[in-house]
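As structure tokens, the structure follows; a few thoughts come after it.
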Amino acid sequence: MYLLQPDEGESDPFYAHTGLMDDHAIGIVTLGGHGCRVNQPLARAYFREIPAVDSGLSVSILDQHVAARIFNQPPYDPANWHLRG
């Protein structure tokens, strides 16, 4: 499972959108929406193939191909500083 950042588009990603690499279906979005803390769209997806970091990855959101990138670490608080009570 991968965490993706689709480019801003008309709609945020949600369940069952197709993950594409060079216009070939390689996976499916399992959940998505607008990340309020990071103020950008986010999606989680499963892929049959392991996509390269700069591989022409996109997500088909309501019949529009939207470019996406894979996060290497969480976009908000990657060091877990905010979990301390």
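The figures follow:
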{"item": "Scan of the range 54-76 for residues that are closer than 12 Å to Asp7 by Cα and open to solvent by 70 Å² or more (accessible area, probe 1.4 Å), ordered by number", "result": "Gln64, His65, Arg69"}
{"item": "Residue tally, condition within 9 Å of the chain's Cα centre (by Cα), within 12 Å of Val66 (Cα to Cα) and open to solvent by 40 Å² or more (accessible area, probe 1.4 Å), over the range 8-53", "result": "0"}
{"item": "Some residue of the range 33-47 being on the phi < 0 side of the Ramachandran plot, part of a loop (DSSP other than H, G, I, E, B) and touching a Pro at 6+ places or on another chain (Cβ under 7 Å)", "result": "yes"}
{"item": "Top-ranked residue in the range 1-31 [being part of a strand (DSSP E or B) and touching a Ser or Thr at 6+ places or on another chain (Cβ under 7 Å); ranked as nearest to Leu62 (Cα to Cα)]", "result": "Thr18"}
{"item": "Test: residue in the range 71-82 that is part of a strand (DSSP E or B) and under 11 Å from the mean Cα position of the chain (by Cα)", "result": "no"}
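Each row is one residue, and each column tells you yes or no for (1) hydrophobic (A, V, I, L, M, F, W, C); (2) touching a helix residue (DSSP H, G or I) at 6+ places or on another chain (Cβ under 8 Å); (3) modelled with pLDDT under 90.
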{"site": "Gly9", "(1), (2), (3)": "no, no, yes"}
{"site": "Asp23", "(1), (2), (3)": "no, no, yes"}
{"site": "Ile28", "(1), (2), (3)": "yes, no, no"}
{"site": "Asp54", "(1), (2), (3)": "no, no, yes"}
{"site": "Ser58", "(1), (2), (3)": "no, no, no"}
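The values are calculated or read from the model by the stated rules, or taken from the named source; none is laboratory data. Every value quoted in this text rests on a predicted model; they were computed, and no experiment measured them. Cβ: placed from backbone, ideal geometry, glycine included. Neighbour counts: every protein chain shown. With ligands, DNA and RNA removed, areas are computed over all heavy atoms of the protein, side chains included. Shrake-Rupley method; radii C 1.70, N 1.55, O 1.52, S 1.80 Å.
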